[in-house]
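Right, one structure below, let's go through it.
Bear in mind these aren't lab numbers, they're just calculated from the coordinates by the rules spelled out. Everything numeric in this text was worked out from a predicted model, so none of it was measured. For neighbour counting, all protein chains shown are included, and Cβ atoms are generated from backbone atoms with ideal geometry for every residue, glycine included.
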Amino acid sequence: MKRNLLVVTCLLFAFVIQAQTIEVKKNDIRLNFSGYLKNDYFWDTRQTVSAREGHFLLFPAPVDNDPDGKDINATPNFNFLSIQSRVRVDITGARALNADISGKLEADFFGQLNPNINLLRLRLAYINMNWGKTELRFGQDWIPMFITDCFPGTVSFNTGAPIQPFGRNPQIKLTQKFGKFKLIGILSSQRDYASRGADGATGTYMRNSGAPEFSVQLHYKSVNKEAGTAFVTGIGASYKTIKPTLETQSITYPDSTKYRYKTDELVGGMNGIVFLKYQAKKFTIKLEGIYGENIPDVLSIGGFVVSDIVDSLRGTVKYSPISTMSFWTDIHTNGKKWQFGVFAGYTQNLGAKENVSAPIAGQDLIYGFGTNIADLYRVSPRVIYNIDKLRFALELEYTVANYGSTYDAKGKPITLTEANNFRTLFAVYYFF
């Protein structure tokens with residue numbers, strides 16, 4: 001079934017390309033097709049928490065000792081995959097409302113979920129309206145916390161996650177330029193990358209809150225073409241709310257009758273970033289710091305806790321977001337043929353703003369992703385060799401996570417046990 005679906009998808013994609021080619025001649029629309037084929041070969045020293053058969057590595061699996069004291073997860077594994085291969089279409093040439101209209105459509109074979117790995121997946125799909133100093137963008141693009149002018153250059157597809165926020169979601173983005181400055185405002189929802197709660201990872205929590213996430217950023221960029229240098233820096237902040245449930249859990253009374261009650265309790269969360277990139281002729285250095293509240297939707301550790309029981313009879317509760325702090329740096333040489341680089345980063349669970357409440361029957365107290373991780377760090381050196389359209393890349397990725405077996409009053413993991421993984425990744429690209 002999956003094989004037939006893939007064939008149909010490819011045929012439809014080919015038909016769309018053919019149809020658009022006809023429109024190119026008719027309306028003078030210009031299409032630029034690009035992308036790459038990529039093959040990843042990797043080996044891990046232990047089991048990992050990851051997506052797509054280990055391809056998207058997040059952190060090592062926790063220590064899981066059997067009755068003899070042997071760690072079940074201390075088992076190496078490997079895989080060969082080509083699912084990151086992608087195709088991109090850039091569309092230009094149209095004008096409307098005195099603006100230059102452009103668009104981008106990008107897809108890969110990563111799949112949306114683990115069960116549909118190898119199938120075509122939408123990555124980017126947006127329309128851009130450019131009036132010179134003002135731009136308005138509609139569609140699916142990178143999340144606000146992923147700065148395309150300043151992100152890790154890792155060989156691994158995780159691009160530094162869970163330290164570096166990662167994801168793409170539908171949004172409306174307004175950019176106003178003031179010389180070397182850009183002021184950006186974004187309204188975004190959730191699709192493939194979503195918040196987590198009692199029903200797992202889903203964008204329903206945000207949709208039920210009735211409000212999109214709002215982000216504002218200020219960027220500064222200075223380029224000296226003669227010297228071959230560039231300097232980029234900026235700050236940003238976001239605020240989002242989610243509604244974990246529409247109703248309280250059923251409560252059993254002495255007569256065994258069960259009731260359900262409507263609830264409007266929300267979880268709010270402030271996020272902030274600050275970043276810097278300096279590009280010289282021979283090297284580039286990038287730095288970023290992140291603070292986030294309830295940010296599993298960007299593949300970071302954290303979430304929220306039940307902080308208070310408002311009405312034990314009706315099961316009504318209040319929530320408090322878990323705060324996360326991260327920072328990373330990425331340094332690499334700028335050689336055209338050979339490139340050497342290293343990524344290093346750290347993330348920490350700061351706990352919730354309010355104390356975790358006492359247990360309530362049938363109610364979990366902590367929701368999120370990696371909530372049993374107190375902190376995590378990663379170091380990953382790499383070497384890249386380019387020859388024409390071909391690239392060979394080798395990266396060594398060492399990740400250490402400290403897992404807690406218990407929690408303190410703020411829901412922060414304590415009584416820690418270290419788990420570490422060493423990944424060797426070799427990748428081959430062909431760009432077109």
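A few points about this structure:
- Projected label distance in nm at residue 116 and residue 285, using a 7 Å step from Cα toward the beta-carbon: 4.4
- All Cα pairs of segment 134-221, percent lying beyond 18 Å: 51
- Volume in Å³ per residue [convex hull over Cα atoms, computed for segment 182-339]: 125
- Prolate is the label for segment 283-330, because a/c, from the alpha-carbon gyration tensor with a ≥ b ≥ c as root eigenvalues, is 1.5 or above and a/b exceeds b/c.
- Estimated vicinal HN-Hα couplings, Hz - segment 275-280 in sequence order (Karplus 6.51, -1.76, 1.60; Gly, Pro = x): 9, 7, 9, 10, 10, 9
- Legend: distances between Cα atoms for 104/173; 104/240; 240/353; 173/240; 182/277; 282/389; pairs beyond 18 Å are 104/240; 282/389.
- Unit Cα scatterers, Debye sum, segment 69-166: log10 I(q)/I(0) for q = 0.12 Å⁻¹: -0.58
- Solvent-free Debye calculation, one equal scatterer per alpha-carbon of segment 365-432: log10 I(q)/I(0) at 0.13, 0.16 Å⁻¹ equals -0.56, -0.66.
- The ellipsoid equivalent to the alpha-carbon distribution of the chain has semi-axes of 38, 28, 23 angstrom, derived from the gyration tensor eigenvalues as √(5λ) and listed largest first.
- Charge tally for residue 132 (other residues, Cβ to Cβ under 14 Å; Lys, Arg +1; Asp, Glu -1): +2.
- Column: log10 I(q)/I(0), Debye, Cα scatterers of segment 290-432, q = 0.10, 0.12, 0.16 Å⁻¹: -0.49, -0.62, -0.86
- Based on every Cα atom in segment 100-246, Rg and the maximum pairwise Cα distance Dmax equal 17.0, 59 Å.
- Cα gyration tensor shape of segment 26-77, rounded if a/c is under 1.5, else prolate or oblate by comparing a/b with b/c: prolate
- Rg over Rh, two decimals, segment 315-383 (C-alpha only, Kirkwood Rh): 1.26
- Sum of side-chain charges, residue 180 neighbourhood, beta-carbon under 13 Å (Lys, Arg +1; Asp, Glu -1): +3
- Here's how it looks for residue 229: its modeled amide H is under 5 Å from those of 224, which are all 5 or more places away or on a different chain.
- Taking each of 133/221; 318/410; 177/336; 286/336; 180/336 in turn, the alpha-carbon distance tops 22 angstrom for 177/336; 180/336.
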